[in-house]
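Enquirer: My structure is below; once you've seen it, I'll send some questions.
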Amino acid sequence: MFSSKEKASIDHVMCLLREWDHGSKAVRSRMLSDFIAKNTGKTFPELELEFAQVASLFLARLTAWMRLTYMFGTCLNLQLKALGVFLSASSNHQYLMEFLEMGAVLTLLEILGQENLKDEDKIEALHLLQIIANEGQKYKELICESYGVKAVAECLAKSKAEGTQETATTLLKSLAHGNSKYQNQVYKGLIALMTCTSPRAQQLVLQTLCIVQPIVKIAHHSIVEPLLSLLRSIHLEVQYEATELITVLMRSEVKPALLRGLVDLLKPSKEEFSKHKILEDPARAKIMDSLPVFLQQAAAARTIRILTQSSEEISKDLLSLNVIPHLLYAVGNQEHADTQKQASLALEHFVRMYPVVEEDVRRAMGTTLFETFMHNAECLHLNMNKIQADILRSNNTTSVLRSVTMSRLRSAMQRGKSVVLENAEAIKSSNTKKSKATIKEEEPSVSESSSFHFFNDPSEISAYRSQLLLWYDHNKRDLPWRTVAMTEPDVNIRTYAVWVSEIMLQQTQVATVIDYYNRWMKRWPTVEKLAAATLEEVNQMWAGLGYYSRGRRLHEGAKKVVSELDGQMPRTTEGLLKLLPGVGRYTAGAIGSIALGQVTGAVDGNVIRVLCRVRAIGAESTGPSVTEALWKIADTLVDVERPGDFNQAMMELGAKVCTPKSPLCRQCPVQTNCHAFRQVSIKQEKDSKILKRKLTSKLNTPVPDIENCLNAGSCNLCLSEDWDSQLGVQNYPRKPVKKSSRVEKTLTCIVQRQRGEETEYLLIQRPSKGLLAGMWELPSMILDADLSENKHRGLLCTMMQRFLETSLDKDSFQFVGEVVHIFSHIHQTYIVFSVCVSDCSEKEQEQKTCWLTKSDLQGAAVSTGLKKIMKLYESSSKVNSRDVKRKLTPGKEKQSNKIKKFKDGAINGGPKQLSLSQFFSTSRTEGKTDTQNT
């Protein structure tokens, strides 16, 4: 039997379904609008409760009506949004299965192909497909098996709306992740899309391929021709993305074909200039035909410059492909200034890198033009006459250069005399030719340090990466922000989520952060929602996590992203570092690599410890020379295919294995690469030989000395002290001497009043800047000198009388005890008193104030120090109440010294504080320190 409430609910739902079944288009449209407005964001249990446990009946009707009417667009947008309410509900597996069983995936894919439908309808269909894909690999396979890749790709290619294009691209990217069965299908579909006509679509496809290519690993040769063709685009953003993808493909098997193609584009064939002769004006026809070719020529020269500056190996490959005469040909193209400029800059790099190239280019240009070129390569075209340009483009010059340059280069390399300049950026910006001696003097001090402290062997780097990532894949912790980084297809949400986690993890343990992070992301899942929150709400959510300025800066950053960046998170490491407050070099590197796939290192405390031990860096870890060396090592080591995983693996290694104390060296995956571990092993072996008395005649091959830097006396990365055998690998890193904390005493008063049956407590909001900015605190004042208890009462009485504008007796202030609270730089002692007031002024104060009940205090934005004070106050109240009861009970021994004992205990830190049942539940962050809000 149903209760009257259940029966009423069932009657309501049946009435709704009857109205739907018999309703007209207008009626159904109204019902859908009401349903969407009322139920968006609800969970599965909430929807079931709303529909008396038969919500599936309405879902079935929606799906059936969509399948019958989608071709006509009848309320299609509302239908799709209503279906999204069901599929977006958490714990929606039942709804999802029912939706799929009715063949809805095929219908959604058919909607994408309907030319008569609006883009907003297609966006909603793509959103539903994205929700399905997010459920896991088998659902992605279902979409792909239904020819979903083709349907989504065609929708992307034909659509002119950016919203549709971006949503379709996001779905394709999602289908490529975690879908090994159909990864190649998605990959080939993206290659096919490179030939579409929309520049925005081309840009999105190129960005997606940069992400998908490392997943697929094996590059298809069909990518080469369309990719090089995109360098002809008049849209610079398309050219830029094409160059980025070419850079990614330099680690694949299509590298030779791409390099050959780039070199060929520097000297386009004459046939390419004689197309489209149907235009009436021959001069205009020549301009319009040659422009794309010249754009492609300039883009090829720019790409070659970028590639050669990133890799000496690529430079050598390009030299073997006869790139120098081709660059000279492009430098002589006076019909396109940008081609000349880009080719000159690329040529300058080869000239400064290889002396033999310098000699041949000087011969080809002539002394006068060559000196102009070396003085300012970027402006060479402004100082070149037609005769000089013709010489550079002549066949005789290029043929001579091919034979001379390559033979001289090979000969020089065999003799080991090729000179590669390590600092390409300094060379590029140089306005005058520098001698080799001058360049050597200007190299940074880090590069002069012994190679002992760096990774120089490519095979060692490769082994380090593979061993560490293999260990990480088997041992990584399941953390919520890692899950978001791996599964969230929306790059904006993914970047925001990783940003929040990295800010929370600054100076805070992972175990503490997890709960705060989950609550934060549930309340503010996007940067827009965080920007809409108030600082009070942010402080309230952050309360107890410490380092309170972090929450404020997150809030400031969110508002900046929404107001100045149109809600779009920065998409590069440089942008993150420049645009987001509170984001430093490490945080930008971590977010960039984890959320955006940027190939950059990330050096935090854990990574510093790991790298200092692995490379035996013993100088003070915060010094500038050590900092730059560590970043150089991190950027060298980071895995180009999995930069985010690699950086997290380094942090995980430092957190779980290479710990500050008692490191688990025998479990370390990179033990063979660790100089510190090797030093320990050699020392132990020598000690063992001594103990066994085998360091005499039989020991003709002595144990090697502890491995050290050959320049240990002058190297700024080595230990400044002798190796301590007791410390072992913990000799590294050496930390600076910690500054002593500032000692402060603060006089604090718990002011309470009675309002009916509730007791209320006075709180004052701190200033918006400085220590604990914006947090709520008890009335307080900092003490400059040690004073007696009586004087404390007098000071508090004066302060509170002025503040509350009421007369108080200083004897009414009761001493509670002392609370010690440690900030990162302050040793704070709170001297706590309490007072009860009956009436006080309610006028507006200069500082913002409020009266909160015990229950309200639990959710307020208060610090851990205040929580400790309130716990002490509750404990004191309980002790006093027990004393009163014992005094009133006949036959019991009097305990007149109880209060005094309590006071004495409080002075030494207070009684043991286990709970505050009526104020707060036991805090997870018990014993955790707050820190200065700077």
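The values are calculated or read from the model by the stated rules, or taken from the named source; none is laboratory data. Fair warning: this is a prediction, and the values are worked out from it, not measured in the lab. Glycine also receives a Cβ, built like all others from the backbone with ideal geometry; neighbour counts cover every protein chain displayed. Heads up: the accessible areas ignore ligands, DNA and RNA and are worked out on the full protein's heavy atoms, side chains in. Shrake-Rupley method; radii C 1.70, N 1.55, O 1.52, S 1.80 Å.
Enquirer: Filter the range 578-596 down to the residues that are surrounded by 19 or more Cβ atoms within 10 Å (Cβ to Cβ) and not β-branched (Val, Ile, Thr) and list them by number. Break it down stepwise before answering.
Expert: Step one: list which residues in the range 578-596 are surrounded by 19 or more Cβ atoms within 10 Å (Cβ to Cβ), which gives 580, 583, 586-596.
Once the filter is applied, which keeps residues that are surrounded by 19 or more Cβ atoms within 10 Å (Cβ to Cβ) and not β-branched (Val, Ile, Thr), the range 578-596 yields 580, 586, 588, 589, 590, 592, 593, 595, 596.
Enquirer: Now, a different point. Do we find a residue being part of a helix (DSSP H, G or I), of a type in the set (Gly, Ala, Ser), open to solvent by less than 20 Å² (accessible area, probe 1.4 Å) and out of contact with any Pro (no Cβ under 7 Å at 6 or more places or on another chain) anywhere in the range 466-475?
Expert: Step one: filter the range 466-475 for residues part of a helix (DSSP H, G or I), giving 466-475.
Filter once more, so that each one left must be of a type in the set (Gly, Ala, Ser): 466.
Retained after the next criterion (residues that are open to solvent by less than 20 Å² (accessible area, probe 1.4 Å)): none.
Within the range 466-475, not a single residue is part of a helix (DSSP H, G or I), of a type in the set (Gly, Ala, Ser), open to solvent by less than 20 Å² (accessible area, probe 1.4 Å) and out of contact with any Pro (no Cβ under 7 Å at 6 or more places or on another chain).
Enquirer: To continue, here is another question. Please enumerate the residues belonging to the range 621-636 that are modelled with pLDDT under 85 and more than 17 Å from residue 729 (Cβ to Cβ). Explain how you work it out, then say what you get.
Expert: If we filter the range 621-636 for residues that are modelled with pLDDT under 85, which is where we start, we get 621-623.
Result: 622, 623.
Enquirer: Please identify the pairs in which a residue from the range 461-483 that is among the aromatic types (Phe, Trp, Tyr) has its Cβ atom under 7 Å from the Cβ atom of a residue that is not in a helix (DSSP H, G or I), counting only partners at least 6 apart or on another chain.
Expert: Hits for this filter: 464/670; 471/669.
Enquirer: Something else: Within the range 511-540, track down each residue that is touching a residue at least 60 places away in the same chain (Cβ under 8 Å) and in contact with a Phe, Trp or Tyr (Cβ under 8 Å, 6 or more places away or on another chain).
Expert: 539
Enquirer: Next question, about the same structure. Can you confirm whether the range 652-665 contains a residue that is under 30 Å from residue 208 (Cβ atoms), modelled with pLDDT of 90 or more and aliphatic (A, V, I, L, M)?
Expert: no
Enquirer: Being aliphatic (A, V, I, L, M) and surrounded by fewer than 18 Cβ atoms within 10 Å (Cβ to Cβ) is true for just one of 49, 109. Which residue is that?
Expert: Numbers: 109 fails: surrounded by fewer than 18 Cβ atoms within 10 Å (Cβ to Cβ).
Only one candidate passes the filter, namely 49.
Enquirer: When you go through (1) within 24 Å of residue 208 (Cα to Cα); (2) touching a helix residue (DSSP H, G or I) at 6+ places or on another chain (Cβ under 6 Å) one by one for residue 572, which number turns out not to apply?
Expert: (2)
Enquirer: Scan the range 74-101 for residues that are under 13 Å from residue 47 (Cβ atoms), of a type outside the set (A, V, I, L, M, F, W, C) and buried (at least 21 other Cβ atoms within 10 Å of the Cβ) and jot them down.
Expert: 95
Enquirer: Identify, by number, the condition in (1) over 15 Å from residue 13 (Cα atoms); (2) open to solvent by 50 Å² or more (accessible area, probe 1.4 Å); (3) within 39 Å of the chain's Cα centre (by Cα) that residue 25 doesn't meet.
Expert: (3)
Enquirer: A further question on this structure: If residue 299 satisfies all but one of (1) within 22 Å of residue 257 (Cα to Cα); (2) open to solvent by 10 Å² or more (accessible area, probe 1.4 Å); (3) of a type in the set (Gly, Ala, Ser), what's the number of the condition it fails?
Expert: Here residue 299 meets the rest and fails (2).
Enquirer: When the range 348-392 is examined, which residues are found to be over 48 Å from the mean Cα position of the chain (by Cα), open to solvent by 40 Å² or more (accessible area, probe 1.4 Å) and not polar (S, T, N, Q)?
Expert: Scanning the range 348-392 gives 363, 386, 387, 390, 391.
Enquirer: Only one of (1) in contact (Cβ under 8 Å) with a residue 60 or more places away in the chain; (2) surrounded by fewer than 17 Cβ atoms within 10 Å (Cβ to Cβ) fails for residue 835. Which number is that?
Expert: Condition (2) is where residue 835 drops out.
Enquirer: Can you tell me which condition residue 636 does not meet? The list is (1) open to solvent by less than 10 Å² (accessible area, probe 1.4 Å); (2) touching a residue at least 40 places away in the same chain (Cβ under 8 Å); (3) part of a helix (DSSP H, G or I), and all the others hold.
Expert: (1)
Enquirer: Can you tell me which condition residue 201 does not meet? The list is (1) more than 11 Å from residue 173 (Cα to Cα); (2) touching a residue at least 40 places away in the same chain (Cβ under 8 Å); (3) open to solvent by 30 Å² or more (accessible area, probe 1.4 Å), and all the others hold.
Expert: Looking at each condition in turn, residue 201 falls short on (3).
Enquirer: For residue 601, indicate whether it is farther than 26 Å from residue 848 by Cα, open to solvent by less than 10 Å² (accessible area, probe 1.4 Å) and not charged (D, E, K, R).
Expert: Details: farther than 26 Å from residue 848 by Cα: yes; open to solvent by less than 10 Å² (accessible area, probe 1.4 Å): yes; not charged (D, E, K, R): yes.
It is true that residue 601 is farther than 26 Å from residue 848 by Cα, open to solvent by less than 10 Å² (accessible area, probe 1.4 Å) and not charged (D, E, K, R).
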